[in-house]
């Protein structure tokens with residue numbers, strides 16, 4: 001069955017490219033497999049993107065910018081960080097989250113990562129900034145000793161390691177443990 005024209009084709013191609021990245025990473029990425037999965041000809045892909053790097057970049061950018069989760073105020077920094085860890089973990093468990101993570105770990109795709117990563121990071125920083133602002137209002141955050149980006153890297157790094165290296169899910173209990181450790185470290 002052929003996909004309809006226009007936006008539907010682009011959506012099918014980007015969905016297939018995301019799946020391809022999640023399965024094979026940037027080194028094993030195949031435009032032929034993307035075309036087959038999207039049920040289009042390769043020419044349909046190359047009409048929209050000049051090469052496979054541009055297609056991978058478009059798939060990653062779409063994935064990263066389509067996520068706009070907000071952390072509901074749980075009433076504590078540990079609760080908010082735990083919720084954030086679970087969101088990151090949930091995303092990494094799906095192709096839409098796994099694909100950008102694998103690309104970010106790829107030495108071969110270093111240029112691709114730097115081109116794509118700056119824009120969506122503003123959204124992630126906003127989510128984290130909201131968490132930190134609430135923690136400051138509750139006097140749970142030592143503002144002088146702990147920069148936001150360092151804490152984000154600690155949390156995200158722990159989740160990436162758990163999902164991508166250890167291949168274990170981010171359970172509620174594990175997320176709470178990591179959040180508790182970080183919460184203790186940043187408290188005044």
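Numbers for the structure displayed
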| item | result |
| --- | --- |
| Stretch gain in nm, segment residue 187-residue 76, where the contour uses 0.36 nm per residue and the Cα spacing is subtracted | 38.8 nm |
| Fewest-first ranking of 80, 7, using other Cβ atoms within 10 Å as the exposure measure | 7, 80 |
| Cβ-derived FRET efficiency at R0 35 Å, residue 48 paired with residue 137, nearest 0.05 | 0.15 |
| Highest to lowest packing among 148-156, 19-27, scored as the average C-beta count within 10 Å | 19-27, 148-156 |
| Burial ordering of 98, 52, 126, fewest other beta-carbon atoms within 10 Å first | 126, 52, 98 |
| Computed lengthening from residue 39 to residue 8, 0.36 nm per intervening residue step minus Cα-Cα distance | 10.0 nm |
| Difference of contour (0.36 nm per residue) and Cα-Cα distance, residue 180 to residue 148 | 9.9 nm |
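Just so you know, all these numbers are worked out from the coordinates, no wet-lab data involved. In this text, all values refer to a predicted model and were calculated from it rather than measured experimentally. When we count neighbours, we look across all protein chains shown, and the Cβ atoms used for this are built from the backbone with ideal geometry, even at glycine.
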